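Presented below is the structure to which this report refers.
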Amino acid sequence: MSKYAVLGNPVSHSKSPLIHSVFAKQTNQEMSYTAIPLEEGDFDGFVKSFFAEGGAGLNVTVPFKENAFAIAASLSPRAQLAKAVNTLFLDDQGNICGDNTDGIGLVTDIKQNNGIDLIGQRLLILGAGGAIRGALAALVYEQVATITVVNRTLAKAETLADEFASMTEIETLSYEALQDTANHGRRFDIIINGTSSSLQGEMPQLDGSLLDSGCCCYDLMYAASDTPFVQWAKQQGAALSIDGLGMLVEQAAEAFALWRGVRPNTAPVIAELRGQA
Ligand code: ATR
């Protein structure tokens, strides 16, 4: 039986073991997948012995995505861009390979599950942390019209823009400058919330006029009930107000496909997790 696990801290709440067990059943794969909490400092030793003892693959979540990036001997282009890794596996020579499936999970959820075309769209992105870095590593390939990143700490957004400069131009704004541009009639087609403000039950102050007609609002976070950003988007009459559950399942499907060479059907898993199956 092939062994897989997700490493994080905390990780007991993770839905990944459930998602991967459903994928395994659906595609007849003999595999186990568990959630393993690790202390800071134990990551490298654990990963090396996991693979040395025949482990087949790992997912990595907060706070170890940068550690996973550092331990990988080879990296996919999107993991290099994100500077973070959420999926580890061995190549034929036994080298540890790192990939980042978060961004492609987001893009697949937006395009395939929600039927939104990204080509030519004006994107507004809230936040400039690790979650946004992963998202941008896939969004930059999508031929959107413009990408604007707004962050409380503007310098972080500027650093991000510099790092992605070889791929695409990213405009950076403070929340004050965003308000100013909203007052002058600036509108967006897609707004993605990648701030961790929902954890404090908040969301950044945003002017509802930023939403153009047909605007889609997407929160990278998800929760059992609507996140503050999803609540706000619904109040503003967004055409679509989506949380990150679909992204979670799609990033898992992408990792599963890398490991097992077969892509599971995600729709029933998303429905099951939403309690709609
Ligand atoms: P993650 O890995 O989840 O992206 P992170 O790297 O700590 O976490 O990034 C958190 C992001 O949420 C940052 O962009 C942060 O803004 P700052 O860079 O200015 O700190 C943003 N954030 C957190 N709380 C926020 C709040 N209450 N309002 C606006 N932005 C917030």
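Looking at region 212-228, can you tell me whether even one residue there is without any contact (Cβ under 8 Å) to a residue 40 or more places away in the chain and on the phi > 0 side of the Ramachandran plot?
Yes, region 212-228 contains a residue that is without any contact (Cβ under 8 Å) to a residue 40 or more places away in the chain and on the phi > 0 side of the Ramachandran plot.
This table checks each residue for (1) loosely packed, with under 15 Cβ neighbours inside 10 Å; (2) away from the ligand (no atom under 13 Å from the Cβ); (3) modelled with pLDDT of 95 or more; (4) closer than 30 Å to Ala24 by Cα.
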| site | (1), (2), (3), (4) |
| --- | --- |
| Asn183 | yes, yes, yes, no |
| Asn193 | no, no, yes, no |
| Ser198 | no, no, no, no |
| Leu210 | no, yes, yes, no |
| Cys217 | no, yes, yes, no |
| Ala224 | yes, yes, no, yes |
| Asp243 | no, yes, yes, yes |
| Val249 | no, yes, yes, yes |
| Ala253 | no, yes, yes, yes |
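Collect the residues in region 255-277 that are free of Cβ contacts under 8 Å to residues at least 40 places away in the same chain, hydrophobic (A, V, I, L, M, F, W, C) and open to solvent by 60 Å² or more (accessible area, probe 1.4 Å), keeping them in residue-number order.
Ala277
Return the residue satisfying two criteria in turn: it lies in region 106-160 and is open to solvent by 50 Å² or more (accessible area, probe 1.4 Å) and acidic (Asp, Glu), and of such residues it is farthest from the ligand (Cβ to nearest atom).
Residue satisfying both the conditions and the ranking: Asp117.
How many residues are open to solvent by less than 60 Å² (accessible area, probe 1.4 Å) and assigned to a loop (DSSP other than H, G, I, E, B) when one looks only at region 66-102?
The total comes to 9.
Quickly run through region 232-252 and pick out the residues that are under 24 Å from Glu272 (Cβ atoms) and assigned to a helix (DSSP H, G or I).
From region 232-252, those under 24 Å from Glu272 (Cβ atoms) are 234, 240-252; that's our starting set.
Of everything in region 232-252, those that are under 24 Å from Glu272 (Cβ atoms) and assigned to a helix (DSSP H, G or I) turn out to be Lys234, Leu245, Gly246, Met247, Leu248, Val249, Glu250, Gln251, Ala252.
The values are calculated or read from the model by the stated rules, or taken from the named source; none is laboratory data. Keep in mind it's a predicted model, so treat the numbers as computed, not measured. For neighbour counting, all protein chains shown are included, and Cβ atoms are generated from backbone atoms with ideal geometry for every residue, glycine included. Just the protein is used for accessible areas: all its heavy atoms, side chains included, with ligands, DNA and RNA removed. Shrake-Rupley method; radii C 1.70, N 1.55, O 1.52, S 1.80 Å.
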